[in-house]
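Below is one structure, written out as structure tokens; the observations come after it.
Each reported figure results from applying straightforward, stated rules to the coordinates on display, with no laboratory input. Remember, predicted model here, so these are calculated numbers, not experimental data. Here Cβ is always computed from backbone atoms with ideal geometry, including for glycine, and neighbour counts include all displayed protein chains.
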Amino acid sequence: MTTTINASTSSGLVNTADTSGIIKLQSNGVTTNALAWVNFAGASGTRNASYNVSSVTRTTTGQYVVNFATALTDANYTWAVNMNGLSVTNGYFIGNNTVPSTTALQILTITSAAAYADPTAVSVTVFGN
């Protein structure tokens, strides 16, 4: 069950619920907590820690799919990625070549020389409604 606690300037503290099992904190209808997050090993996709992520699939070097345990309300979310342990002298890029969905997000880790690479660890955080 999702329990939504909304601090509204017009109606005070409002509590609503559904059946998804997620707690959402809102301020005037805008969710202010992460809907999902994960830290995983780049070489395997093995999760070290996570919230609302059922699995990470490493499809090939530097390409991953983060699968959400409970589908998000919509695909209009934002996501941030942090990597460490990637030894590339010219830097790296983080990308996504698919449209994000409510059930999964693709992450690409690419060097500035346009080569896919596996960092030691990858952290992904998802915010939205």
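Rounded to the nearest whole Hz, the Karplus-based 3J(HN,Hα) values (6.51 cos²θ - 1.76 cosθ + 1.60, θ = phi - 60°) of region 34-47 follow the sequence 5, 7, 7, 7, 7, 10, 9, 6, x, 6, 10, x, 5, 6, with x at glycine and proline. Label zone of N48 (point 7 Å out along Cα→Cβ, amide N under 14 Å): in region 67-86 this covers 82-86. Taking amide H positions as modeled 1.01 Å from N, with prolines and chain starts lacking one, the residues under 5 Å from S54 and 5 or more places away or on another chain are N67, F68, A69. Compute the Cα gyration tensor for region 34-127, then decide on rounded, prolate or oblate, letting a ≥ b ≥ c be the square roots of its eigenvalues: rounded whenever a/c is under 1.5, prolate when a/b is larger than b/c in the other cases, and oblate in all that remain. Cα axes put region 34-127 in the prolate bin.
With each label modelled as a point 7 angstrom along the Cα→C-beta vector, the Y116-A80 pair spans 2.7 nm.
Computed 3J(HN,Hα) for region 120-129, one whole-Hz value per residue from the Karplus formula 6.51 cos²θ - 1.76 cosθ + 1.60 where θ = phi - 60°, is 4, 9, 10, 10, 10, 10, 10, 10, x, 8, glycine and proline marked x.
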